[in-house]
1. Can you give the net charge of the other residues whose Cβ lies under 14 Å from the Cβ of Thr91, counting K and R as +1 and D and E as -1?
2. Looking only at Cα atoms, what is the convex hull volume of the range 193-259 per residue, in Å³?
3. Rounded to the nearest 0.05, what FRET efficiency do Asp283 and Arg70 have when you use their Cβ-Cβ distance and R0 = 35 Å?
4. Find the percent of Cα-Cα distances in the chain that exceed 32 Å, and round it to a whole number.
5. I'd like the FRET efficiency for Arg154 and Asp88, computed as 1/(1 + (r/R0)^6) with the beta carbon distance as r and R0 of 30 Å, rounded to 0.05.
6. Could you work out how far helix 124-136 tilts from the main Cα principal axis of the chain, as a 0 to 90 degree angle to the nearest 10?
7. Give me the lysines in straight-line cross-link reach of Lys82: C-alpha distance below 23 Å, same-chain residues under 8 apart excluded.
8. Determine the gain in length on full extension of the stretch Glu95-Asp178; use 0.36 nm per residue of separation and subtract their C-alpha separation, reporting nm with one decimal.
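Nothing in this text is a laboratory measurement; each read-out follows from the coordinates by a stated rule. It should be emphasised that the depicted structure is a prediction, and the values quoted were computed from it without experimental measurement. A quick note on method: Cβ atoms are made from the backbone with ideal geometry, for glycine too, and the neighbour counts reach across all protein chains shown.
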Amino acid sequence: MTEAERHIATAAPALALGTVQFGLEYGIANRHGKPGQDATRKVLERAAHHGIRTLDTAPAYGEAEALLGRYAPAQQFDLITKTRPGQDPATLLPEIKASLERLQRSSVQAILVHREDDLTGPSGEALWRALRKARETGLTQRIGVSVYAPEALRRILARFDPDLVQLPCNVYDSRFADADMLAECARRGIAVHARSIFLQGLLLMPPTALPASLRTLRPHHERFHAWLSAHRISPLQAALAACRMHPEISALVVGCQSASELDEIVAALHAPLTNITPNALADFALPGEPLINPARWAT
């Protein structure tokens, strides 16, 4: 058994709850809009019940920060929030304090640069200095970046020293592992959180439900779901397993619309994975960014 096979069979990384669904009508598979405030409260209660400690949010997620301030007690949850896309370094500290006011916290676990271009662009150094000041003054314990492309992360790591990196990882997207960026983060002691695990819910959708704008993906998606059916594996189990095979990933950021959906995710995370091997899942990775980056999907 390889190291990856041992890890996928025995280790379950922590879950972090993504909150974009609380504030925006998010996800290609979303047919119900935002959950109501009562449903949001119930999801958070269920997250605490399952021992989930970390909530991931951002000012760009509509009213999500305000809802967390109302329903996410400090003694139960650590919070990660982000800068605004296109963040002006001169306004970063006031905007962090505005986020903290909405969150009803004096500090958060981490603040991430929401858009990688803000660090790789001409204001990157100034923005990083402002983030370091936020950490030094106790507004956050850790600073980092949310990235979309391995090449951008490589440029960022050449200039900066983040505590935490959030990146996409799923059955169809293994770019960061293939580019050795997960290993590089591990060598540098940088925590890695994986997001886009369900690819906005696309991985869980039957092939017949794919929108016409993604018709070029349908043959590949049909092959994936045929494999799942043949091996009696649920799409949810396979989606989580694709990230579990990477020991460098310490947390999986997952989103849900209801408490029952969160129950399903937790159960799938801890289910036995005897029918899933890293090599089998690796066969479904796609190289083409237009198919694996939701920002590039046609509308």
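1. +1
2. Residue-normalised Cα hull volume stands at 111 Å³.
3. After rounding to 0.05, the efficiency reads 0.20.
4. 24 percent
5. Once rounded, the FRET efficiency stands at 0.75.
6. Here the helix axis deviates by roughly 80 degrees.
7. Cross-link targets: Lys34, Lys97, Lys133.
8. Gain on extension, Glu95 to Asp178, equals 26.3 nm.
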